[in-house]
1. Between A167 and L19, what is the spin-label point distance in nm, taking each point 7 Å from the Cα along the Cα→C-beta axis?
2. Could you please report the charge total around L91, scoring K, R as +1 and D, E as -1 over all other residues with beta-carbon less than 15 angstrom from its beta-carbon?
3. Please report the relative contact order for the stretch 3-104, taking Cα pairs under 8 Å with a sequence separation of at least 6, and give it as a percent rounded to a whole number.
4. Answer rounded, prolate or oblate for the stretch 118-186, using the Cα gyration tensor with square roots of eigenvalues a ≥ b ≥ c: rounded when a/c is under 1.5, else prolate when a/b is larger than b/c, else oblate.
5. Work out the charge dipole of the stretch 3-104 with +1 on the Cβ of Lys and Arg and -1 on the Cβ of Asp and Glu about the Cα centre, then indicate which of Q69, G17, H84 is farthest towards its positive end.
Amino acid sequence: MTNTSRFDDIENRLRTGLLQGLAGDGVAYRAFLKELSTHLRSYFRKRLASLPDEVEDLVQESLIAMHNQRHTYDSKQPLTAWIHAIAKYKLVDLMRRRARHDVLHDPLDDEMDFAVPSDDEANDARRDVAVLLDQLPERQRLPIVHTKLEGLSVAETAKLTGMSESAVKVGVHRGLKALAALIGHRT
């Protein structure tokens, strides 16, 4: 059986079970929920390999959401798309809850706080870069400043400096090589 025909078979079974359930057939609806649980479990296991304890909770949350929203299903649309959308939203909700929980429970007395760079360190680094760049000839310094620090394109830098695009590229390459050599001599 090909993947497409297997998918169509699953789509048809689930769709038939839901539609019969919506029409009042309790047995068909229970069978729909049972088969849907299996598919949801597989869907969440693939996406939550590092959080296996969350899988069953998400399956149950998704089933409840689908049951509560079953009246919104448009029978002209594929059921699996509707199911996937709900499951995806439940997965996103879990990730948001976990992110909030992680932020709220972040230890205030983290031993590694001393390793976080201070604003002074960032300013010191800028000054160090400026000192290094000042040691380069203008044909290397300007292309680096404009393309790497200011984010201009090679064409914009060429126009601004009066250099050719090729000269800008060569200047950046040679300048970075010279900076690496300068840094190497300092260490």
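1. With each label placed 7 Å out from Cα toward Cβ, I get 7.3 nm.
2. It works out to a net charge of +3.
3. Rounded, it is 24 percent for the stretch 3-104.
4. oblate
5. Looking along the dipole axis, the top candidate is H84.
Each value in this text was obtained by applying a stated rule to the coordinates, not by laboratory testing. Note that the structure is predicted; figures quoted are calculated from it, not measured. Using ideal geometry, Cβ is built from the backbone for each residue, glycine included, and neighbour counts are taken over all protein chains shown.
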